[in-house]
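> After the structure tokens below, expect a handful of questions from me.
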Amino acid sequence: MVEMIRHLKIARDGAVKARTQAMVTLKALIVTVPDELRQQLQGLPKMTLIERCAGLRPGPVTSPAASAKHSIRAMARRWKDLHDEVKEHDVLLGQLTKAHAPDLVDAFGIGADTVAEVLVTVGDNPERIRSQAAFAKLAGVCPVPASSGKTNRHRLNRGGHRQLNSALYRVVIVRMRFHQPTIDYVARRTAEGKTKQEIIRCLKRYLARGIYQYIKAKQPPTKAT
């Protein structure tokens, strides 16, 4: 099951990267097109821009305006194709992760993509998941001392698996905005003098602890030899 998830996640990540590049290229093209066309397209919301560009009719490519319309339309249609591909991967990843780790998927702020990243990382590094602290270190959320003089503090870890770390960060940001217990925790720690970065570090460590406990519960018991 995890190998199936890994295959789909590789395809999805590649499509997301290509979709982002298509949007960057499209916006760069719009800056250089003739004034009349640029004025029609600049400032539009993303999806409105995509639809407008995908519907352009360049006609025969006999002028800079026509070639610009042809290129812009091609990039917009490429973005739409990649967007549809990403949604297709998301549906399949949602089905597989829901079947393999339903409790994790149902946790607040943890979506199929985050669960997929966790399962793939754990599956690729089974020898490193020896304890809760080892998993935290793998995810790059273990505390790093940053004390100086009379100041006693820790900072975010810059090491570990960066994709997994990024997935945990996204979950924490969602919870800080919409999860009431997390909102209350942030308020309490802020009143204690903690910075936002220090609070995020604590929340990521707490999240990693919960994920590790779930993974440990899913593992079959080791037989005595």
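The values are calculated or read from the model by the stated rules, or taken from the named source; none is laboratory data. Remember, it's a predicted structure, so these values are computed and weren't measured experimentally. Note that we place each Cβ from the backbone using ideal geometry, even for glycine, and neighbour counts take in every protein chain shown. Surface accessibility is based on the protein's heavy atoms, side chains included, excluding ligands, DNA and RNA. Shrake-Rupley method; radii C 1.70, N 1.55, O 1.52, S 1.80 Å.
> I need the peptides 205-213, 95-103, 122-130 ranked by packing, meaning the mean over residues of other C-beta atoms within 10 angstrom, with the highest value on top.
Result, highest mean Cβ count within 10 Å first: 205-213, 95-103, 122-130.
> Evaluate E = 1/(1 + (r/R0)^6) for Asn125 and Thr195, where r is the Cβ-Cβ distance and R0 equals 30 Å; express this FRET efficiency to the nearest 0.05.
The calculated FRET efficiency here is 0.45.
> Per residue, how many Å² of accessible area does the chain show with a 1.4 Å probe?
Per-residue value: 59 Å².
> A further question follows. Assuming 0.36 nm per residue, please report the length gained on full extension of the stretch Gln180 to Leu92 beyond their Cα-Cα distance.
Additional length available on full extension: 28.6 nm.
> Over what distance in Å are the Cα centres of segment 2-75 and segment 81-112 separated?
26
> A further question on this structure: Show that you can apply the helix-only estimate: for the chain, add -39,500 (n - 2.57) for every DSSP H stretch of four or more residues, divide by all residues, and state [θ] at 222 nm to the nearest 500.
The per-residue figure over the chain is -24000 deg cm²/dmol.
> Pop out the carbon and sulfur fraction of the accessible area of the chain as a percent, whole number, probe 1.4 Å.
54
> Please work out, to two decimal places, the log10 of the ratio I(q)/I(0) at q = 0.07, 0.08, 0.10 Å⁻¹ from a Debye calculation in which every Cα of the chain carries one identical scatterer.
After summing over all Cα pairs, the log10 values are -0.35, -0.45, -0.64.
> Hey, another quick one. Relative to the longest principal axis of the chain, what angle (0 to 90°, nearest 10) does the C-alpha long axis of helix 64-100 take?
With both axes taken from Cα atoms, the answer is about 30 degrees.
> What is the spread of the Cα atoms of segment 9-99 along each of their three principal axes, largest first, in whole Å?
Dimensions of segment 9-99 along the principal axes of its Cα atoms: 54, 25, 18 Å.
> Ok, one more. By how many degrees, 0 to 90 and rounded to 10, does the Cα axis of helix 196-218 deviate from the longest principal axis of the chain?
The angle comes out near 70 degrees.
> Given a Förster distance of 35 Å, report the FRET efficiency between Asp81 and Ile173 from their Cβ-Cβ distance, rounded to the nearest 0.05.
According to the calculation, E is roughly 0.75.
> If one takes the longest principal axis of the Cα atoms in the chain, at what angle in degrees, from 0 to 90 and to the nearest 10, does the Cα axis of helix 2-32 lie?
Relative to the chain, helix 2-32 is tipped by roughly 40 degrees.
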